[in-house]
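As structure tokens, the structure follows; a few thoughts come after it.
Just so it is clear, none of the values below were taken in a lab; they were calculated from the coordinates. Please read these numbers as outputs of a predicted model, since none were measured by experiment. Here the Cβ is made from the backbone with ideal geometry for all residues, glycine too, and neighbour counts use every protein chain on show.
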């Protein structure tokens, strides 16, 4: 139980910020390109309380962490926040600007990955203290959760960000047909998750990306 509490304490901030700032980034970029919907609703905010979904931001990640800890196993940690409302019809150029709005979330996760890597590097350079180990563990957690969320959301499955990026890039006729998959996207994602295919796809990508980040920051 003590180990579980420590694990949840270390992962809490990285998970909350990874999920909520991802959503805030969508709203900020949508406002830049002409849709103020999220801004008017107060969703373009760094305050996690405006984005937290009790199930997706807290319960699901906590259960994954608890299960992994209790079973001493692995798995892909993920979650979600309350989606930021975006009215693509209000964007100045809906098809083109959809790409930037969708890419903003994974882009925010990329920036946070680098930020947590900086914290991990700082922790390793500090003299031994009560703070160095928790800082290092939190840095590792931040890298892992942001890498997982970034790569998960870049999968080309509507309504994931990667699906909307694909809709933006495809020719109009193909884009319209591909967008028709959106109502079934969550079902497809769950099917991939429970069959293990999602882990087979994302696992090597996440491992490779984290390895690259660690190499960039001088970790062997």
message: Just to confirm my numbers, what's the Cα centroid distance between the range 96-143 and the range 165-220 in Å?
response: 21 Å
statement: Helix-only [θ] at 222 nm, the chain, -39500 (n - 2.57) per DSSP H run of 4+, per residue, nearest 500, equals -22500 deg cm²/dmol
- request: Could you calculate the FRET efficiency of residue 197 with residue 122 from 1/(1 + (r/R0)^6), where r is the beta carbon distance between them and R0 is 30 Å, rounded to 0.05?
  value: 0.20
field: In degrees, nearest ten, helix 197-216 long axis to first principal axis of the chain (Cα)
entry: 60 degrees
statement: As a Kirkwood estimate from alpha-carbon pairs, the chain has a hydrodynamic radius in angstrom of 18.3 Å
- request: Let me have the relative contact order for the chain, percent, based on Cα pairs under 8 Å that are six or more residues apart.
  value: 21 percent
task: Based on other C-beta atoms within 10 Å, arrange 144, 182 from fewest to most.
output: 182, 144
task: Calculate, for residue 131 and residue 55, the FRET efficiency according to 1/(1 + (r/R0)^6) with r their C-beta to C-beta distance and R0 41 Å; round to the nearest 0.05.
output: 0.80
query: How large is the convex hull of the Cα atoms of the range 135-220 per residue, expressed in Å³ as a whole number?
result: 110 Å³
- line: For the chain, the longest principal axis of the Cα atoms and the Cα long axis of helix 132-153 enclose an angle in degrees, to the nearest 10, of 20 degrees
